[in-house]
Amino acid sequence: MDDQTPMDDVILDVRDLSMHFPVRAGMFGKTHSAVRAVDNVSFQVRRGETFGIVGESGSGKTTLGRCIMRILGPTGGEIGYASEGAGMVDLAAVEDAQMRDLWREIRMIFQDPQSSLNPRLPVIELVGQVLRKAEGLKGAALADRVADLLKSVGLRPEILHRYPAAFSGGQRQRIGIARALATKPQLVIADEAVSALDVSIQAQTLNLLQDLQEEFGLTYVFIAHDLAVVEHICDRVAVMFLGEIVELADTETLFAAPRHPYTRALLSAVPVPDPRQRSDRRLRAAAPAEVTDTATACKFAARCPHARDLCRRQRPQKRTVGGAEVLCHFAGEI
Amino acid sequence: MTQPTPIPTEPAPLLRIAGLKTHFFTDDGVVKAVDGVDLTVEPGKTLCVLGESGCGKSIMARSILRIVDRPGRIVGGSITYRAADGRSVDLAAMSPTSAAIRQIRGSDIAMIFQEPMTSLGPIQKIGKQIVETILLHRRMSKAEAKETAIEMLNRVGIPRPRERFEAYPFELSGGMRQRAMIAMALCCQPRLLIADEPTTALDVTTQAQILDLIADLKEEFGMAVMLITHDLGVVAEVAEDVAVMYLGKVVEKGDVYSIFEEPKHPYTRALLESVPRLGVRHAGRLPAIEGMVPHPLVRPTGCPFRTRCRAFMPGICDVHQPELQRQGRTDVACFLHNPVPAHG
Ligand SMILES: Nc1ncnc2c1ncn2[C@@H]1O[C@H](COP(=O)(O)OP(=O)(O)OP(=O)(O)O)[C@@H](O)[C@H]1O
Ligand SMILES: Nc1ncnc2c1ncn2[C@@H]1O[C@H](COP(=O)(O)OP(=O)(O)O)[C@@H](O)[C@H]1O
Ligand code: SF4
Ligand code: SF4
Ligand SMILES: [Mg+2]
Ligand SMILES: [Mg+2]
C-alpha cells in the first residue's frame, strides 16, 4: 500500500483482509449486520521471523489464522504468500487443489487440541498421515519418523499406537505440534500453541520452536494471549482489537513504549508471579467488547480512558509513531 | 461412609483428601495417575494446584466428583466432604452412579473443565444446555431458569447474552466457549468450585474478568475454590494455599507466600524458575526443567522426582520414598529437608 516500505524478504503479505460472518436471522433476531471478525487488516511477515498476534478473546486472531490457511474463505482482501515452488500466490484466490498442495508448506497448530485431533485415530496416524500422503512413507520408516517427531516435542515414542483419549491436554497439544511440523513446513500458524501447556513443558516447547526455526528457517505467525510468552519469542507483534490491528511494532518497542490505549490496558492486566505484588486486579478487568457497526467511531472508544469527542465521531486512521503503527487519533500525544 | 461423624472442634476443612489413589488398569499395565494425594480445601478459600502436564491434577479433580473414565478407578484413600448440614461424607466410598453423588455434583461441587468442549455438547444451543443444568439442580420454572442463564452469561462477560443464548458452541470464539461453560458451572452456586485450568485458554483481560467473577462468588456465597493451573501469575494473584503435584503425589504444600518465598522442594523451585516474566527477556532460551515426566508405567523407585533432580542423592533418593512433612513454613516431601528413614 501507499507508503509501506518494501521489506527485503516477505513471506506473507496480507492486504485489507476481511472476514465477515453473516448473522443468521434466527440467532440475532431481526438484525442484518455481520460479525466483522477480521476487518480490513494489513501486515507483512518476513521470512524467518516470529510474528506475534495478541488480543483478547473474540478479537479475530483464530479467524485470521484460519483465513491464511484458507479453512475460511475471506470475504475481502488479499493474502500474498511467497511459495517455495510456485512463487507469489494469493491465498485468498487460489484453487482448492493448489491450496491442498500448499498445506505442506503452510501448517497450523490448533488452539483446541480436543477438537482438532480425531479421537478414532492412533498417534501414528494423526502425526503420520500427512507424511504418508506427502512423502509416501509407510511401515517401519513411517513409524521411525513419527517416533522422532514425538521425541522432538517431548513425548515418548511408545505412544505411537495410543488414541487421543489416553492423553492429558498438554500431551495432546504436543501431538498437534508434532503433526504440524511433520512436513518441514515454511510457515507455521501457531494458534495458542503453548497456551494449554504447563510452565515447564511450555518453556521446553518454546525452546523447541526456536530450535526448529533456526534449523529449518521456519517462519511463525504466533497467535497467543500470554504476553510474557509473546515478548519472549516474537520479533514483531500485532495487537488486535475487535477485528482490527490497533498497534504493530517490533517487540522491544511495543513492550517498552506501548502507544495504543488498548495495548496499555492489555499489558497492565498481566498477573505478576509474586503474591506480594497482588495488585488491584479488579481495576484491570475489562468489560467485554464486541464488534458493532461503528463506521463512525473508534472501536475502543467505549473502554478508552482517553476517548474524546472526535473518537466517537470518526474512525481513526493508521499512523506511524516512534516506529509503531498505531490506530488511534491521538497516538503519540497520550 | 455416608454416616454422620461427630463435628470436630476445629473448623473442619470443606474437603480433605487423604492417601487418594486413582489407577488406570490399561492393557499395557497399571497407570498410577494419582498415587497417594493428601490435601485439604478450607471453606471459602482458594487452593491452587500446580504441576506439570500428566502429573495427575485432572484425574485427582475428576476423582472428587467420581467422574473418572474407565479403565480408571479409585483404589485407595478417602475424600471427606463436609456438607452444608455439617455432616461428613466420604466421596471415595460412594458409588459413582449413586443418587447421593449426583446430588453433590453440580449443586454442592461444580467443575469447570480444561477443554470446554468436554462439558459443552456440540449440537445443542448453549442456552438450552445451561437451562437444563439449572433445572436439574434448582427449583425454578423454565422461564426463571432462562433469565438466570442469561444473567449468568452476562456475568461471565459474554456480549449480547440474550442473543448468544441461542448460539451453538461452534459459533463462539474459544474464549467465549470457555466462558459459557463457566456460566454453566456457576449457575447453581456451588459450595466448592473445582476449576481445571479455567483461564489457560483466555487472554489476560478476559482472564481477569473470570477471576473477578470467581472472587465475587467466593465473597457472595462463601464458595471455596480448587484452582488447577500452571500459570504462576494467576497463583500469585488468587491463591491462599498452594499444593504442588508431581507424578500423582503432592510434593509440597503451604500458603502462597511461603511457596513463592521459601520453596523447598527442588521441583517447586524449578517450576518457579521456568516462567517467562514480562520485562525479563531471556537472551537465549528459557530455563526449562530438564527431561520429562517419567513414563507412568515405569515409576522410579524412591523419590518420584529423582530422575530430573539436580540434588539427587544416590543411595537415599532412589531407595526411600519421601513423605510430606512440615518443614518451616511448608509441608515438603524431599530428603534435602526430611530425615532419611534409618532402615528399609
Ligand atoms: N463460524 C462462525 N459463525 C459466526 N461467528 C463466528 C464464527 N467463527 C467465529 N465467529 C465470531 O468471530 C469473532 C472472532 O472469533 P475468533 O475465533 O477469531 O476469536 P479469537 O480472537 O481467536 O478469540 P479466542 O482468543 O477466544 O480464541 C467472534 O465474535 C466469534 O463469535
Ligand atoms: N483414560 C486414561 N487411560 C490411561 N491413562 C490415563 C487416562 N487418563 C489419564 N491417564 C494418565 O493419567 C496421568 C494423569 O493425567 P491427568 O490427570 O490428565 O494429568 P494433568 O496433571 O495434566 O491434568 C497421565 O499420565 C495420563 O496419561
Ligand atoms: S482514537 Fe480515541 S478512543 Fe480510540 S484509542 Fe485513540 S484515544 Fe482512545
Ligand atoms: S528426595 Fe532427593 S531426588 Fe527427590 S527431590 Fe529431594 S533431593 Fe531430589
Ligand atoms: Mg482463538
Ligand atoms: Mg489436566
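The table below lists the values:
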| item | result |
| --- | --- |
| A:His306, B:His137, A:His161, reordered so the largest accessible area comes first (probe 1.4 Å) | A:His161, A:His306, B:His137 |
| Orientation-averaged projected area, Cα convex hull of chain A (nm²) | 19.4 |
| Solvent-accessible heavy-atom area per residue, rounded to whole Å², over the protein assembly as shown at 1.4 Å | 41 |
| Total formal charge among the other residues, if their Cβ is under 9 angstrom from that of A:Glu78, Lys/Arg +1 and Asp/Glu -1 | -2 |
| Span-rule helices in chain B, defined as complete DSSP H runs reaching 20 Å or more along the axis (Cα) with Kyte mean at least 0.0 | B:204-221 |
| For chain B, Kirkwood radius (reciprocal of mean inverse C-alpha pair distance, Å) | 21.3 |
| Cα-based shape type of the stretch A:208-272, given that a ≥ b ≥ c are square roots of the gyration tensor eigenvalues and the cut on a/c is 1.5 | prolate |
| Net charge, B:Leu336 excluded, C-beta distance under 12 Å - Lys, Arg +1, Asp, Glu -1 | +3 |
| The stretch B:117-189 - charge dipole about Cα centre, Lys and Arg +1 at Cβ, Asp and Glu -1, debye rounded to 20 | 60 |
| Cα-based reach from B:Lys264 at 17 Å (exclusive), listing aspartates and glutamates while leaving out same-chain residues under 8 positions away | A:Asp274, B:Asp241, B:Glu252, B:Asp255, B:Glu273, B:Glu323, B:Asp331 |
| Partner chain coverage, peptide B:205-218 - average Cβ within 10 angstrom | 5 |
| Exceeding the 29 Å Cα-Cα cut-off - candidates B:Lys21/B:Lys146; A:Lys184/B:Lys32; A:Lys61/B:Lys32; B:Lys218/B:Lys253 | B:Lys21/B:Lys146; A:Lys184/B:Lys32; A:Lys61/B:Lys32 |
| Convex hull per residue volume in Å³, alpha carbons only, for the stretch B:303-344 | 71 |
| Rounded, prolate or oblate (a/c below 1.5 giving rounded, otherwise prolate when a/b exceeds b/c) for the stretch A:89-242 by Cα gyration tensor | oblate |
| Among B:Val156, A:Phe167, B:Gly19 - extreme Cα towards positive end, dipole of the protein assembly as shown, charges at beta-carbon | B:Gly19 |
| Largest-first ordering by accessible area, 1.4 Å probe, given options A:Thr263, A:Thr253 | A:Thr253, A:Thr263 |
| For residues of B:128-141, the mean tally of beta carbons on other chains within 10 Å | 0 |
| Per-residue mean of C-beta atoms belonging to partner chains within 10 Å, peptide B:219-231 | 1 |
| Alpha-carbon Debye profile of the protein assembly as shown, log10 I(q)/I(0) at 0.05, 0.07, 0.09 Å⁻¹ | -0.24, -0.47, -0.79 |
| Surface accessible to a 1.4 Å probe, B:Met140 within the full protein complex, Å² | 50 |
| Test item: Cα-centred dipole of chain A, Lys/Arg +1 and Asp/Glu -1 on Cβ, debye | 1280 |
| Solvent-accessible area of B:Val319 with every protein chain in place, 1.4 Å probe, in Å² to the nearest 10 | 90 |
| Tilt relative to chain A, helix A:139-152 - C-alpha long axis, 0 to 90 degrees, to 10 | 40 |
| Per principal axis, descending, Cα span of the stretch A:115-182 in whole Å | 30, 21, 19 |
| Exposure of B:Cys317 as accessible area (Å², to 10), given a probe of 1.4 Å and all protein chains | 10 |
| Within the stretch A:115-182: Cβ-based charge dipole about Cα centre, in debye rounded to nearest 20 (Lys, Arg +1; Asp, Glu -1) | 140 |
| 13 Å beta-carbon shell around A:Arg312, net charge (K/R +1, D/E -1) | +4 |
| CD proxy at 222 nm, helix term only [per DSSP H run n ≥ 4: -39500 (n - 2.57); per residue of chain A; nearest 500] | -9000 deg cm²/dmol |
| Aspartates and glutamates whose Cα lies under 17 Å from that of B:Lys125, excluding same-chain neighbours fewer than 8 positions away | B:Glu147, B:Glu151, B:Glu163, B:Glu166, B:Glu171 |
| Folded to 0 to 90 degrees: helix A:169-181 orientation relative to chain A principal axis, Cα | 80 |
| Cα lying deepest toward the dipole's positive end in the protein assembly as shown, options A:Ala269, A:Gly80, B:Ala33, charges on Cβ | B:Ala33 |
| Kirkwood hydrodynamic radius of the stretch B:121-215, Cα pairs, Å | 13.3 |
| Dipole-positive endmost among B:Pro322, A:Ser195, A:Pro316 within the protein assembly as shown (Cβ charges, Cα centre) | B:Pro322 |
| Largest-first ordering by accessible area, 1.4 Å probe, given options A:Lys61, B:Lys142 | B:Lys142, A:Lys61 |
| Rounded tilt (10° steps) of A:199-216 against the dominant C-alpha axis of chain A | 80 |
| Rounded percent of accessible protein surface that carbon and sulfur make up, the stretch B:117-189, 1.4 Å probe | 53 |
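The values are calculated or read from the model by the stated rules, or taken from the named source; none is laboratory data. This one's a predicted model, so the numbers in the text were calculated from it and none came from an experiment. FYI the Cβ positions are ideal-geometry reconstructions off the backbone, even for glycines, and counts take in every protein chain you see. The area values use the complete protein model at the heavy-atom level, side chains included, leaving out ligands, DNA and RNA. Shrake-Rupley method; radii C 1.70, N 1.55, O 1.52, S 1.80 Å.
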